Every structure is written in structure tokens, then in C-alpha cells.
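The values are calculated or read from the model by the stated rules, or taken from the named source; none is laboratory data. Since the model is a prediction, treat every value here as computed from it, not as a measurement. Every residue, glycine among them, receives a Cβ derived from its backbone with ideal geometry; neighbour counts consider all protein chains shown.
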Amino acid sequence: MKKVAVITGGASGIGLAIAKRFIAGSIKVIIVGRDIARLKAACRTLGENSDFFSCDLADLHAIPAMVQTIIDRHGRIDILVNNAGINLKKPMLEVTDDEYQKIILTNQTSAFCISRAVAGIMKEQEEGCILNISSMASIYGLPNVIAYTASKAAVEGMTRSMAVELAPLGIRVNCIAPGFIRTNMSSVALDNDPGRKNRVLARTPMGRLGKPEEVAGAAYFLVSEEASFITGVVLPVDGGNSIGF
Ligand code: NAI
């Protein structure tokens, strides 16, 4: 029987690359996002072992029903990848409370909410894997992304707390901290800010942006049996950015 993975934000960028890698590894994938046309297009690319569910994860009340519908259709959830995320690049003094809350809600609270619902199912199955996606922003002080930074630092703390609490239930919880990966999100943040882009490249020993597929390879490892004794880790996939001089 194929394993079933739910990947939030799976219609683009890193999430889509993870979906492709999982399918190549014989895992059935359900991608979750807001844009039905984009989800359908992604599923056409992914093929018959994919399905999608349209949901705005910022609407927390919709999450339990979404998880139940996935269970009704696919029978189980073995893997959850909390990948959906949004960024807001703005000086801290100009960020409104509503803007701040929206980022925290999307990047962190919704990940908690869906993890709680899915962990309940994994508890019954007596096994499962949750993989969160944080960011270099949680490691060092990146200016002009205050809410994003707070949300991603919270994702890493939540990873450790969940890992400890869910380990006795047979559930492993890990996190990938991607460095700067070439996607729409990073293009928006870097392409019109050459100073920032140069700084990123200068402190990345490998001297380039990463590819979504490079994050996907690490994701596949962390949810596989090869990682059966690994829980609670935050794995940088960053070309050395986090230790760059
Ligand atoms: P992306 O913008 O292509 O992907 C984000 C996905 O999340 C999109 O498919 C979007 O529709 C979905 N999403 C956003 N808000 C949502 C909501 N309320 N409900 C449902 N889906 C929602 O960007 P990328 O780069 O692939 O980002 C994926 C993850 O990787 C994000 O969590 C991001 O913070 C993280 N990341 C990306 C880095 C990069 O350099 N690209 C670096 C570090 C972390």
C-alpha cells in the first residue's frame, strides 16, 4: 500500500518539488492550496498518484473538515509537510498589527492546527511523519521581515516541542530550514534588491541559490525509513549559508 502525504502549498516552488520527489518515491500526494486552477495544473504535472484540496489555511475553522475529507477519500495520512508560507518585506516600524497577525496565522498557527488534526489520525495509525519548513530568517537577524522571522522561529520551536510530545505515539517531527532557494517567493524578495541578493550570495559558501529539488531530496530522506531514528532536528539545506563567514 502506498503511503499518503499531504503537502501544504504544494502547487508551486518548494512544495511542488517535494510533491514530485515523493511521487517518484511511490508516495501518493495530496497538495493543498488556495488557487484551484494552479492546483489542477500541478496535479496534471504530478500524474495519477496526486490529488488536491483547495483550502485557505488562514481559515483555521476549515482545517479539521479538510483533513477529514482527505481521510474519507484516501484512507490515511502518513506524512504531513507544512510548507505553505507567505512573506512580507517591510520595515518593522511600518508593519501593522493585521499584517503581522496574517503572517503568523498563515506560517505558524495554521501549521499547528493542521498538525494537531493530522497527529490525531497518525496516533490511531501508530505511525507518521510531520515535516515543517522554516527559514534562515529564524537563525539570524534578517531586517525588514519581522513577522516572517517570528513565524519561522516559532515553527522551529514547535518542531522540537511536537517531536518530544509525539515520539511516544510513533510520530516523528522534523524541520528543514532552507537557505535561499530559487522560487517565486525568493525572486520577489531578492530580484529587485541587488544589495540583499549580493549579501546572500556572499555569505553562501556554495555561491549560488539552491534549487527546489535540493530541498525536496532532503525532505524525502527525512520522511523515509532511512531517517527512522531522527526526530526533532532542524536541517539547514542552504549551501552553507547558515555557517557562512
Ligand atoms: P511559494 O510562494 O512558491 O510557495 C508557497 C505556497 O504556499 C504557495 O503555493 C501558496 O499558494 C501557498 N500558501 C500561502 N498561503 C497559503 C494559505 N493561506 N493557504 C494555502 N496555501 C497557502 O514559495 P516557496 O519559496 O516555494 O516557499 C515554500 C516554503 O518555503 C515557505 O514556507 C517559505 O517560507 C519557505 N522558504 C522558502 C525559501 C526560499 O528561498 N524560496 C527560503 C526559506 C524558506
The condition from (1) within 9 Å of the ligand (Cβ to nearest atom); (2) buried (at least 17 other Cβ atoms within 10 Å of the Cβ) that V4 misses is numbered (1)
For the structure I just gave you, tell me whether I121 is farther than 30 Å from S187 by Cβ, in contact with an Asp or Glu (Cβ under 8 Å, 6 or more places away or on another chain) and of a type in the set (V, I, T). no
With the structure loaded, tell me whether N198 is closer than 22 Å to P91 by Cα and part of a helix (DSSP H, G or I) or whether it fails that test. yes
When the range 152-195 is checked residue by residue, the ones that are assigned to a helix (DSSP H, G or I), among the small types (G, A, S) and over 18 Å from S134 (Cα atoms) are A167, G195
Scanning the range 17-45 for residues that are within 16 Å of G85 (Cβ to Cβ) and surrounded by fewer than 22 Cβ atoms within 10 Å (Cβ to Cβ), the one nearest to the ligand (Cβ to nearest atom) turns out to be R34
When the range 118-148 is checked residue by residue, the ones that are of a type in the set (D, E, K, R) and free of Cβ contacts under 8 Å to residues at least 12 places away in the same chain are E124
Residue pairs within 8 Å by beta carbon, gap of at least six or interchain, first lying in the range 177-204 and farther than 14 Å from L142 by Cα and surrounded by fewer than 20 Cβ atoms within 10 Å (Cβ to Cβ), second at pLDDT 95 or above and of a type in the set (S, T, Y), listed first then second, are N184/S12
Filtering strands (runs of 3 or more DSSP E) wholly in the range 1-110 for at least 2 residues that are more than 25 Å from S228 (Cα to Cα) gives 27-33, 50-54
- prompt: On the given criteria, is L222 surrounded by 20 or more Cβ atoms within 10 Å (Cβ to Cβ) and in a helix (DSSP H, G or I)?
  reply: yes
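For every residue, the table says whether it meets (1) within 12 Å of the ligand (Cβ to nearest atom); (2) more than 13 Å from the chain's Cα centre (by Cα).
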{"position": "N82", "(1), (2)": "yes, no"}
{"position": "M92", "(1), (2)": "no, yes"}
{"position": "V95", "(1), (2)": "no, yes"}
{"position": "E99", "(1), (2)": "no, yes"}
{"position": "Q108", "(1), (2)": "yes, no"}
{"position": "C113", "(1), (2)": "yes, yes"}
{"position": "I121", "(1), (2)": "no, yes"}
Per the list (1) in contact (Cβ under 8 Å) with a residue 12 or more places away in the chain; (2) part of a loop (DSSP other than H, G, I, E, B), residue check on G217 breaks on (2)
With the first residue restricted to the range 58-82 and required to be of a type in the set (K, R) and modelled with pLDDT of 95 or more, and the second required to be loosely packed, with under 14 Cβ neighbours inside 10 Å and assigned to a loop (DSSP other than H, G, I, E, B), Cβ contacts under 9 Å at 6 or more apart or on different chains are R76/M1
Scanning the range 144-176 residue by residue, those closer than 21 Å to K102 by Cα and in contact with a Lys or Arg (Cβ under 9 Å, 6 or more places away or on another chain) turn out to be N144, V145, I146, A147, Y148
Could we say that M158 is away from the ligand (no atom under 12 Å from the Cβ) and in contact (Cβ under 8 Å) with a residue 24 or more places away in the chain here? yes
